[in-house]
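Since the structure comes first, as structure tokens, the remarks are kept for the end.
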Amino acid sequence: LYNTYSFFALYANIDGFTGQEAEVPVAERPEIDRWILSELNTLIKDVTKYLEDYDPTPAARCIDQFVNENLSNWYVRLNRRRFWAGAMNEDKLAAYQTLYTCLETVAKLAAPFAPFISERIFCDLNAMSGRHAESSVHLSQFPVADETLINSELEQTMDIAQRLSSMVLALRRKVNIKVRQPLTKILIPVLDPDMARHIEAVKS
């Protein structure tokens with residue numbers, strides 16, 4: 001989580017991103033932004049449900065899974081070039097705003113489990129953006145899921161893309177083919193029309 005925040009802070013400082021810029025509408029952001037925001041709001045729903053059931057362990061695991069797999073390993077890794085791009089255009093701004101939202105929301109969700117690092121990230125972000133009157137993450141409102149941003153179809157499509165990528169990496173390791181060495185093709189057994197549609201959507 002802190003490495004992801006450090007990545008954001010480094011480039012936000014270089015580009016002068018403050019968090020006070022006019023929001024790029026979510027519907028106009030790239031698909032990968034809409035996906036991570038969908039996952040984020042699903043996370044809010046899941047964590048809230050577990051905590052309301054007095055079951056903190058799966059809540060903490062959900063946050064861990066979101067940060068490590070979806071946010072750090074997938075979103076940031078696939079979007080680094082957007083942050084490295086030259087001028088602050090709408091696409092780059094959308095990437096900053098999306099990552100800012102994820103970091104701020106995760107800080108609030110993780111506050112009961114990791115109070116000190118959550119406080120540090122929340123306060124650092126708020127010092128930049130001034131979005132919150134509260135001086136502490138522990139005084140801020142707990143996040144509420146925005147159902148309109150949840151796209152289960154998109155989440156399933158990206159989940160298949162992630163699992164396919166992991167399996168291909170595992171196969172490469174098994175036969176000692178380096179990651180940078182292009183493959184002529186990969187063959188994927190398609191089990192049903194739904195799976196075919198999901199794979200087609202992320203083929204590129």
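Some observations on this one:
- Applying the condition of being touching a residue at least 12 places away in the same chain (Cβ under 8 Å) and among the polar types (S, T, N, Q) to region 153-176 and asking which residue is nearest to Val202 (Cα to Cα) yields Thr157.
- Ala110 vs. criteria open to solvent by 40 Å² or more (accessible area, probe 1.4 Å) and touching a residue at least 24 places away in the same chain (Cβ under 8 Å): no
- The residue list Tyr75, Tyr96, Tyr100, Tyr54 contains one member that is aromatic (Phe, Trp, Tyr) and closer than 18 Å to Asp146 by Cα, which is Tyr100.
- Residue count for region 77-90, restricted to those that are surrounded by fewer than 20 Cβ atoms within 10 Å (Cβ to Cβ) and either in contact with a Lys or Arg (Cβ under 6 Å, 6 or more places away or on another chain) or among the aliphatic types (A, V, I, L, M) (or both): 4
- Residues within region 124-140 that are open to solvent by 30 Å² or more (accessible area, probe 1.4 Å), touching a residue at least 12 places away in the same chain (Cβ under 8 Å) and not charged (D, E, K, R), tallied: 4
- Candidate set from region 43-76 (those that are touching a Phe, Trp or Tyr at 6+ places or on another chain (Cβ under 8 Å) and small (Gly, Ala, Ser)); member that is least open to solvent (accessible area, probe 1.4 Å): Ala59
- Among the residues of region 4-20, those that are assigned to a helix (DSSP H, G or I) and either free of Cβ contacts under 8 Å to residues at least 60 places away in the same chain or over 23 Å from Asp159 (Cα atoms) (or both) comprise Tyr5, Ser6, Phe7, Phe8, Ala9, Leu10, Tyr11, Ala12, Asn13, Ile14, Asp15.
- Considering Val47, Val67, the condition of being under 22 Å from His132 (Cβ atoms), within 11 Å of the chain's Cα centre (by Cα) and β-branched (Val, Ile, Thr) is satisfied by Val67 alone.
- Residue within region 155-171 that is more than 20 Å from Leu71 (Cβ to Cβ), more than 24 Å from the chain's Cα centre (by Cα), of a type outside the set (Asp, Glu) and outside any helix (DSSP H, G or I) present: no
- Number of the condition not met by Lys178 [criteria: (1) among the charged types (D, E, K, R); (2) open to solvent by 100 Å² or more (accessible area, probe 1.4 Å); (3) not in a loop (DSSP other than H, G, I, E, B)]: (3)
The values are calculated or read from the model by the stated rules, or taken from the named source; none is laboratory data. As the structure is a computational prediction, the values presented were derived from the model and not from experiment. No Cβ is skipped: glycine too gets one built from the backbone with ideal geometry, and neighbour counts run over all protein chains shown. Accessible surface is based on the protein model in full, side chains and every heavy atom, while ligands, DNA and RNA are left aside. Shrake-Rupley method; radii C 1.70, N 1.55, O 1.52, S 1.80 Å.
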